[in-house]
Amino acid sequence: MHTSAYWIGHFKANLLQKRINWDQQPNITQNEITTILHSLQAWQLGETSEGRQLIAAAEKYALKTGEPEFVEATRLFIKEEQKHGNNLGTYLDRISMPRIKKNWGDSLFRWVRHLNTSMESWTLAVIVVESTAQIFYQSLKDATGCGLLKEICTDILIDEAYHITYQTEHLAAIYYSKSAFSKNWRKPVYKCFFYCTSLLVWYANSGLFKAGGNTFEGYMNKMYLKYNKTIKKITSPLVMQLI
């Protein structure tokens, strides 16, 4: 388990990394734009949240656990997500395509998160979405020959790997603070939420996933592996030794 101070240092250092050469011109084809535009616009919107409710949940959690640095780590995490949204938005601008202000998938996800403002529900939701994001951005990268877009995807993929570790550690800490009874009912709830959300993401972005070389079966197999590395690992008794 890493401390919040560790993650503050990581996020601050990572924000200084320059992995994208913005001097290059986008060389995307019209066929590629037709295939990826809807999903690209939707994910750009999803990456631009101000995170006010997440910060509020983090403040409540930090007060409860006596870890005030957790709030700053959360703010930096949000800032990194906003960087993704800004980069995707800049790319849309560069190819003269509009940024959208509303999308049913983004609206649904925000509504689900707002049903429960606890740090636990936020963390679980972020883990699932970040897991699908790894497949999404790899698919986007594989679906285009545009060097600039590939670099944007690579930058996001590097960040997302750390994001999942960050969120998984916190969900593990929350899970193991619960009673035995609470742990037992949380296991199927976590699993159901993980796979239901995975199916929704496929439904909303199947064209992009397929363009990136994924079948539905292949996508679900990847999500199965990600579930085993995150949620299932969290709820395993062996994790208790690491908390």
Hey, what angle do you get for helix 4-15 against the long axis of the chain, alpha-carbon based, 0 to 90 degrees rounded to 10?
10
Report relative contact order for the chain in percent, whole number only (criteria: Cα-Cα under 8 Å, sequence separation at least 6).
26
Could you identify which residue out of Ser177, Ser121, Ser139 has the top mean-square fluctuation in a GNM of the chain using Cα springs shorter than 10 Å?
Ser177
Spelling out what I want: for every residue of the stretch 165-181, take phi, set θ = phi - 60°, compute 6.51 cos²θ - 1.76 cosθ + 1.60 (Karplus), and round to whole Hz; glycine and proline get x.
4, 4, 6, 5, 4, 6, 5, 4, 5, 5, 4, 7, 8, 8, 6, 4, 4
What list of ³J(HN,Hα) values in whole Hz, one per residue of the stretch 225-232 in order, does the Karplus curve 6.51 cos²θ - 1.76 cosθ + 1.60 (θ = phi - 60°) give from phi, with Gly and Pro shown as x?
5, 5, 4, 5, 7, 10, 4, 5
Sparse-neighbourhood loop hits (trypsin sites (Lys or Arg not before Pro), the stretch 35-109; DSSP loop; Cβ within 10 Å at most 12 others) -> Lys101, Lys102
With charges set only on the Cβ (+1 for Lys and Arg, -1 for Asp and Glu), what does the dipole of the chain come to about its Cα centre, in debye to the nearest 20?
660
Between the stretch 182-234 and the stretch 14-58, what is the C-alpha centre distance in whole Å?
22
Largest fluctuation, Gln138, Gln30, Gln82 only, Gaussian network model of the chain with Cα springs under 10 angstrom, belongs to Gln30
Under 5 Å between amide hydrogens, which residues at least 5 positions from Lys178 or on another chain qualify, with H placed 1.01 Å from N in the peptide plane?
none
Within straight-line cross-link reach of Lys187, aspartates and glutamates at Cα separation under 17 Å, skipping those fewer than 8 residues along the same chain
Glu120, Glu169
Could you check which residue among Glu130, Glu67, Glu120 shows the biggest mean-square fluctuation in a GNM of the chain with a 10 Å Cα cutoff?
Glu67
Filter the trypsin sites (Lys or Arg not before Pro) in the stretch 157-243 down to the DSSP loop ones having no more than 15 other Cβ atoms within 10 Å, then list what survives.
Lys178
For the stretch 13-60, which GluC sites (Glu not before Pro) are in a loop by DSSP, counting at most 12 other Cβ atoms within 10 Å?
Glu50
Structure-based [θ]222 nm, the chain - -39500 (n - 2.57) summed over DSSP H runs of at least 4, per residue, nearest 500:
-25500 deg cm²/dmol
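Laboratory data are not the source of any read-out in this text; all were calculated from the coordinates shown. In this text the structure is predicted, and so the values were computed from the model without any measurement. Here Cβ is always computed from backbone atoms with ideal geometry, including for glycine, and neighbour counts include all displayed protein chains.
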